[in-house]
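Shown next, in structure tokens, is the structure this report addresses.
The values are calculated or read from the model by the stated rules, or taken from the named source; none is laboratory data. As the structure is a computational prediction, the values presented were derived from the model and not from experiment. Note that each Cβ is placed from the backbone with ideal geometry, even for glycine, and that neighbours are counted across all protein chains shown.
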Amino acid sequence: MSEHSGLSPQRDRSDVPRGNLAGLIKYAKFDLVSGFLVFLIALPLSLSVALAYGYPPVVGVFTSIIGGLLATFISNAELAIKGPAAGLIVIAAGCVMDFGGDGIVGGFTAIDQAAYEAALAVGVAAGVLQILFGVWRAGALGSFFPSSVVHGMLAAIGVIIMIKMIPLTVGVSVKGTPTDLVLNAPAILSSLNVEIAAVGVVSLAIMFLWPLLKKVKAVKFLGAVPAPLVVLMVAIPMALTLQLDTAHTNPVTLTEEPSEELASVRASEEAETDSDALVKVPALGETFSALAFPDFSALTEMKAWKWVILFALIGTIESMLSAKAVDIMDPWKRKTNLDRDNVAIGVANTSCAFVGAPPMISVIVRSTANIHAGARTRFSNMYHGLYLLIFVALLPVVVGLIPIAALTAMLIYTGSRLASPRQFLHAYRIGTEQLVIFAATALAVIATNLLYGILIGIAVKLLIHIVNGVPIRSLFKPYVDAEKTDENTYTIRAKHSAVFSNWIALRYQIEMLGLQQNCHVTVDLSDTHLVDHDVMTRLHEIEQEFAQQGLRFEIVGLEDHRPFSEHPHAIRKRVSASRPDIPA
């Protein structure tokens, strides 16, 4: 953590670092160093995420380059790092597979190339939609999605990533649904390639065990070295020793046999390939020959627009959530303009898709590393992109030595973090109903798809609210009154309910009357039947925003509301003043 991690938000704001021309010069010594450390992490992660998308691995680095060299100058996010992220794997891979590709299984064929180019067209359309989200100031829509639904979605993505990456980590190429892979686990594991599996298992062990070194005092200093970098330092020599440059994954078929035409295409292309165990990269001087261009004819198919909406919507939500999380960690408590950031993400994603690169968001892991490395301004993001550009242009041969199994091991670790038991425990501590929403969303995403899973999660939350007595008329229509109680204070009264689905209007009133007019605000919730977890959390966030501007923000009227748990942001339901055990 940087030396300023304990900075009080109330201190003089005149010394806050800013990503302007003066900041570029003044803070260069900090941002150059942090950008380099993030580059060391971003290189393997960018490769691994692109691989999981079903794209050629090297183009994942192009995304991080564009995120660093383009998005930096559009967004005002000071410490957020832009790049391809694991949270979009299910969407990206699903899109590629919907167009007939399976780029991570059995090598990259002509069929995979066609599906990849179709996915790029989807990426262009989604990027344009993200730009419009920013122009239309749709950043507030991120507040509509319940946190338990979002975390349940991410947990499901984590499970799916782990299930799909395990076969490749042990040298097996297999295609199937997560259910198919789980049910056929014995057949998959019995077909492993010993050499590839050795690299994969060692890489996996490093990813899980290396962070534990920080707890061992004698070798605590080693914990500062990023685990993905250690994986590369070990896996590359192992790959050379085991001669993985001639190794192939072992194919396993779980479903019906492919057509003769498809089988012949794959067989002929595999015959021309020395190995599918290492990352494929162009030769020195030909790095950018890997650039590809979208096949816009794919947009004439209706299925493409489902993926456009999912790319734009889920990508925007994840990026906004990450940007807000980084703002909270920012030692100087600077605030990202989410609408401006959405424009930056949209412009960068459109550019990425035009040159064959996968989509990006603000990535929390790399952003956290950026903060810990002592970054001061957004130029650390630019430097990390510049380091990546220099590396892939001058040293592509090093990338070509990286085993696929090492990259999939990193993805398994990432998936385990997304689906960590701590996530389930956290939901339970907030309230049993939050665990139900979380689990319902996760199971629905795994059993159906991302879109249906999210809709099912939202439906479960609405049903829980109705069961708890929330008037149906107030689920989506807010009942809010506001009055000026003195020269510098407004009182805002919410009636019937204050829940995630009507929060946007309440938030608008608070920001318009308070933050925009530089006035104090009191929110009176005494006439609400129920205040849900998401509203409680967001009221707390707004309280911090008011404090940063030297304004007073108060929440009153919860004396007759019973919390569902001891968590400070738990759901609160009004009970009778005379009989606390009887709901009002």
Considering residues that are out of contact with any Pro (no Cβ under 9 Å at 6 or more places or on another chain) and closer than 25 Å to Asp534 by Cα, the number found within segment 332-369 is 13
Give the number of residues within segment 362-385 that are without any contact (Cβ under 8 Å) to a residue 60 or more places away in the chain and not in a helix (DSSP H, G or I). 0
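Per-residue answers, yes or no, for (1) buried (at least 18 other Cβ atoms within 10 Å of the Cβ); (2) farther than 19 Å from Gly139 by Cα; (3) not assigned by TED's automatic domain parsing to the domain that holds Thr432:
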{"residue": "Thr489", "(1), (2), (3)": "no, yes, yes"}
{"residue": "Ser501", "(1), (2), (3)": "yes, no, yes"}
{"residue": "Ala505", "(1), (2), (3)": "no, no, yes"}
{"residue": "Gln516", "(1), (2), (3)": "no, no, yes"}
{"residue": "Leu530", "(1), (2), (3)": "yes, yes, yes"}
{"residue": "Glu541", "(1), (2), (3)": "no, no, yes"}
If I ask for residues that are in a loop (DSSP other than H, G, I, E, B), modelled with pLDDT of 90 or more and either more than 30 Å from Ala110 (Cα to Cα) or of a type in the set (Gly, Ala, Ser) (or both), which ones from segment 227-265 would you list? Ala247
Can you find a residue in segment 78-98 that is more than 20 Å from the chain's Cα centre (by Cα) and either buried (at least 23 other Cβ atoms within 10 Å of the Cβ) or touching a residue at least 24 places away in the same chain (Cβ under 8 Å) (or both)? yes
Options Ala292, Ala304; residue that is assigned to a loop (DSSP other than H, G, I, E, B), within 16 Å of Leu120 (Cβ to Cβ) and over 20 Å from the mean Cα position of the chain (by Cα): Ala292
Selection from segment 315-324 of residues that are among the aliphatic types (A, V, I, L, M) and crowded, with 24+ Cβ neighbours inside 10 Å: Met320, Ala323
It is to be established whether one or more residues within segment 169-179 are outside any loop (DSSP other than H, G, I, E, B) and under 24 Å from Ala348 (Cβ atoms). no
Could you please find all residues in segment 342-361 being closer than 12 Å to Ala121 by Cα, in a helix (DSSP H, G or I) and of a type outside the set (Phe, Trp, Tyr)? Asn349, Thr350, Ser351, Cys352, Ala353
What's the number of the only condition in (1) closer than 30 Å to Met320 by Cα; (2) of a type in the set (Phe, Trp, Tyr); (3) part of a helix (DSSP H, G or I) that Phe221 fails to meet? (1)
Just one of (1) charged (D, E, K, R); (2) modelled with pLDDT of 95 or more; (3) not in a strand (DSSP E or B) trips up Asp524, so point out which. (3)
Which residues, taken from segment 318-350, are aliphatic (A, V, I, L, M) and touching a helix residue (DSSP H, G or I) at 6+ places or on another chain (Cβ under 7 Å)? Met320, Leu321, Ala323, Ala325, Val326, Met329, Leu338, Val343, Ala344, Ile345, Val347, Ala348
Kindly provide the set of residues from segment 451-481 that are farther than 30 Å from Ala312 by Cβ, surrounded by 15 or more Cβ atoms within 10 Å (Cβ to Cβ) and without any contact (Cβ under 8 Å) to a residue 60 or more places away in the chain, ordered by number. Pro471, Tyr479
Can you name the residue in segment 6-59 that is in contact with a Gly (Cβ under 9 Å, 6 or more places away or on another chain), farther than 18 Å from Ala80 by Cβ and of a type outside the set (A, V, I, L, M, F, W, C) and is also modelled with the lowest pLDDT among such residues? Gln10
Taking Glu433 as meeting all but one of (1) modelled with pLDDT of 95 or more; (2) closer than 30 Å to Leu551 by Cα, write down the number of the exception. (2)
Would it be correct to say that Gly123 is in the same structural domain as Ile309 (by TED's automatic domain parsing), part of a helix (DSSP H, G or I) and either of a type in the set (Lys, Arg) or more than 30 Å from Pro251 (Cβ to Cβ) (or both)? no
